[in-house]
Number of protein chains: 2
Amino acid sequence: MNTLKNDCNILIIGLGVMGGSYARALSKKGYCVRCITKNQKDIDYALANGMIREGSTEVEPALVQQADLIIFALYPHIFVDWVGQYQHLFRPGTLITDVTGVKGSIVSTVQEMLRPDVEFIAAHPMAGRESSGVEYSDDRVFQGANFIITPTERNSSEAIAVCREIGEVLGFARISQLSPEEHDRMIAFLSQLTHCIAVTLMTCNETPMMEQYSGDSFRDLTRIAKINDVMWSELFMLNRDALLEQMDAFADEFDRFRQMLKNGDSDGMRDVMKRATARRTLFDKPKN
Amino acid sequence: MNTLKNDCNILIIGLGVMGGSYARALSKKGYCVRCITKNQKDIDYALANGMIREGSTEVEPALVQQADLIIFALYPHIFVDWVGQYQHLFRPGTLITDVTGVKGSIVSTVQEMLRPDVEFIAAHPMAGRESSGVEYSDDRVFQGANFIITPTERNSSEAIAVCREIGEVLGFARISQLSPEEHDRMIAFLSQLTHCIAVTLMTCNETPMMEQYSGDSFRDLTRIAKINDVMWSELFMLNRDALLEQMDAFADEFDRFRQMLKNGDSDGMRDVMKRATARRTLFDKPKN
């Protein structure tokens with residue numbers, strides 16, 4: 001598969017919030033999207049909302065074999081197990097991609113076990129919702145968002161190009177490439193550390209009635225404290241060393257700020273705030 | 001002043017992002033709003049946008065004397081100095097309120113120095129913008145937001161009632177009362193700690209090009225890292241002990257989570273995540 005043709009058949013495996021968002025976006029663009037997922041009610045929802053052409057709760061060989069492109073939107077270990085168990089069903093030349101939030105261990109594991117006539121090109125859509133389930137899927141989250149492709153030396157330039165097309169079709173504003181290892185270091189900081197902080201902030205002070213006094217800053221910092229504990233604990237464990245490193249860097253910097261406050265060092269605090277203000281402008285959401 | 005009559009004259013002192021947002025909301029509701037502020041360009045902007053009837057860069061006695069209600073939207077120490085310097089200009093019976101983010105030291109200082117024929121009732125609108133200046137003012141930030149009144153034993157029930165009316169007229173969804181000390185403990189956690197965290201997160205890892213890989217979670221957690229360093233360093237210093245206590249509680253909880261990750265305690269992490277998820281639903285923005 002060298003390009004994302006209009007008539008290509010796409011199979012999404014796992015119709016949760018992310019698989020569902022892919023399905024919405026791809027169906028709107030006219031692609032033929034099918035799915036395999038655990039619960040019939042999610043298929044019914046997707047059919048009723050025009051997100052897929054058909055779906056099954058079983059791994060039907062015909063569904064797998066007619067796919068030109070298969071997108072895995074499963075928890076990491078389920079993705080790896082699925083490929084191990086069912087890869088004999090893939091048609092030669094099928095392209096596989098994913099949405100997994102950790103790449104180092106997953107990409108090499110899948111690429112090493114995979115049949116040589118099928119290619120896996122990994123990607124991480126940097127967009128999501130804090131709620132789980134296909135009914136929370138929303139392809140508007142891709143607008144203005146970043147899409148990261150993590151190729152290895154096993155990947156062809158054609159597969160990388162198709163993966164870039166997928167990012168474009170989905171509506172991402174910026175598409176870039178990192179090695180799986182660079183990705184994981186980056187994600188430990190940009191995504192995993194932020195979830196650790198949000199969860200900690202939400203649980204470190206349980207004074208009753210506090211919600212009556214909250215402003216937007218607390219709401220913003222804890223939006224992602226609504227978290228899928230099964231998925232995120234798995235992602236954290238798969239990237240443990242990189243995440244611990246980022247947690248330590250954050251804790252050290254936090255303690256430096258605390259010392260400034262304790263010592264009444266207003267100039268020191270203002271200097272940190274000025275650097276934060278200047279650096280934050282880089283992170284404003286890009287325009288599509 | 002027992003009630004916020006339609007024909008009452010309101011004077012806003014300090015036309016920044018918060019004073020400007022008050023001016024917009026109150027003028028839309030038909031009140032006669034005047035202002036005293038430092039820069040003529042801010043007055044020109046407010047006049048051009050229908051936010052005020054008139055304004056001055058000087059403390060004109062006539063402006064102060066015709067006010068039934070004066071709203072101070074200044075940095076804390078400037079507010080205190082202003083009252084000390086100009087309170088002889090107040091008309092007897094004038095009601096004073098403010099928007100200051102710290103209450104403990106400010107409320108008692110102002111109430112103690114204030115003429116006995118003028119009353120100061122303190123309030124904290126829990127809404128804001130991360131940018132400074134009247135051109136960023138926006139009264140829509142009050143929708144769904146919390147408004148906290150912090151009366152003391154020096155306040156009359158009439159003044160508290162008028163302050164509540166102000167919160168309602170501005171459009172706040174929930175209006176509540178706390179003592180200045182309770183307010184400061186609450187705010188140390190809900191607002192000041194969150195700003196410390198955002199600033200730390202923004203400065204603890206300065207790897208170049210990171211913005212190309214960022215998702216919404218990092219953007220949300222650092223929105224308030226764009227910060228008015230003059231104001232916030234002052235607010236932190238005015239509430240130092242309470243803030244240090246909250247920083248320590250956060251750092252301890254963060255370290256507990258780090259230990260769970262280090263020890264591979266997925267169940268422990270999941271338990272924290274579940275508690276965070278359940279508790280976060282309390283903080284969803286109330287509907288007006």
Quiz item: For B:Ser105, which inter-copy label distances result when the label point lies 7 Å beyond Cα on the Cα-to-Cβ vector, reported in nm to one decimal and in ascending order?
Solution: 5.0
Exercise. With an 8 Å cut-off on Cα pairs and a minimum separation of 6 or more residues, tell me the relative contact order of the stretch B:79-123 in percent.
Key: 52
Quiz item: Do any trypsin sites (Lys or Arg not before Pro) in the stretch B:198-288 lie in a loop, going by DSSP, with at most 15 other beta-carbon atoms within 10 Å of their beta carbon, and if so which?
Solution: B:Lys287
Practice problem: Determine how many Å³ per residue the convex hull of the Cα atoms of the stretch A:129-246 encloses. | Solution: 143
Quiz prompt | Compactness relative to 2.2 N^0.38 Å, alpha carbon Rg of the stretch B:124-188 | solution = 1.20
Quiz item: With axes computed from alpha carbons, what is the tilt in degrees of helix B:17-28 against the longest principal axis of chain B, rounded to the nearest 10 within 0 to 90?
Solution: 50
Quiz item: What share of all Cα pairs of the stretch A:41-125, in percent, falls into each consecutive 10 Å distance bin?
Solution: 16, 49, 30, 5
Quiz prompt | Counting DSSP beta bridges with both ends in the stretch B:63-214, the antiparallel % (nearest 5) | solution = 35
Self-check item: Angle between chain B longest axis and helix B:229-238 axis [Cα atoms, degrees, rounded to 10]
Solution: 90
Exercise. Any of A:Lys5/A:Lys103; A:Lys5/A:Lys28; A:Lys285/B:Lys41; A:Lys274/B:Lys262; A:Lys103/B:Lys262 with alpha carbons more than 23 Å apart? Name them for me.
Key: A:Lys5/A:Lys103; A:Lys285/B:Lys41; A:Lys274/B:Lys262
Self-check item: Nearest 10 degrees, 0 to 90: helix A:240-262 Cα axis against chain A principal axis
Solution: 20
Practice problem: Select from the stretch B:128-219 those GluC sites (Glu not before Pro) which occupy a DSSP coil region and have at most 12 other Cβ atoms within 10 Å, ordered by residue number. | Solution: B:Glu153, B:Glu206
Practice problem: Give the order of A:Leu178, B:Leu221 when sorted by the count of other beta carbons within 10 angstrom, beginning with the fewest. | Solution: A:Leu178, B:Leu221
Practice problem: Give, rounded to the nearest 20 debye, the magnitude of the charge dipole that the stretch B:162-215 has about its Cα centre when Lys and Arg contribute +1 at Cβ and Asp and Glu contribute -1 at Cβ. | Solution: 100
Quiz item: What list of whole percents do you get for P(r) of the stretch A:183-283, with Cα-Cα distances grouped in 5 Å bins up to the one holding the largest distance?
Solution: 2, 11, 15, 19, 21, 18, 10, 4, 0
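State to the nearest 20 debye the size of the charge dipole of the stretch B:183-283 about its Cα centre, where the only charges are +1 on K and R beta carbons and -1 on D and E beta carbons.
For this selection, approximately 380 debye.
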Practice problem: Report, in cubic angstrom per residue, the convex hull volume of the C-alpha atoms of the protein assembly as shown. | Solution: 153
Self-check item: Percentage, to the nearest whole number, of Cα pairs in chain A over 36 Å apart
Solution: 21
Quiz item: Once amide H atoms are placed 1.01 Å from N in the peptide plane, what residues at a sequence separation of 5 or more from B:Cys35, or on another chain, have their amide H within under 5 Å of its amide H?
Solution: B:Ile12, B:Glu54, B:Gly55, B:Ser56
Quiz item: How big is the charge dipole of the protein assembly as shown about its Cα centre, in debye rounded to the nearest 20, if each Lys and Arg gets +1 on its Cβ and each Asp and Glu gets -1 on its Cβ?
Solution: 1160
Self-check item: Share, in percent, of DSSP beta bridges within the protein assembly as shown that are antiparallel, nearest 5
Solution: 20
Quiz item: Rounded to the nearest 500, what is chain B's calculated 222 nm mean residue ellipticity when only DSSP H runs of at least 4 contribute -39500 (n - 2.57) each, over all residues?
Solution: -14000 deg cm²/dmol
Quiz item: Of all the C-alpha pairs in the stretch B:9-178, what % are more than 25 Å from each other?
Solution: 23
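Taken together, the values in this text are just the output of simple stated rules run on the coordinates, not laboratory data. Everything numeric here is computed off the predicted structure, so don't read it as measured data. Ideal geometry is used to build each Cβ from the backbone, glycine not excepted, and the neighbour counts take in all protein chains shown.
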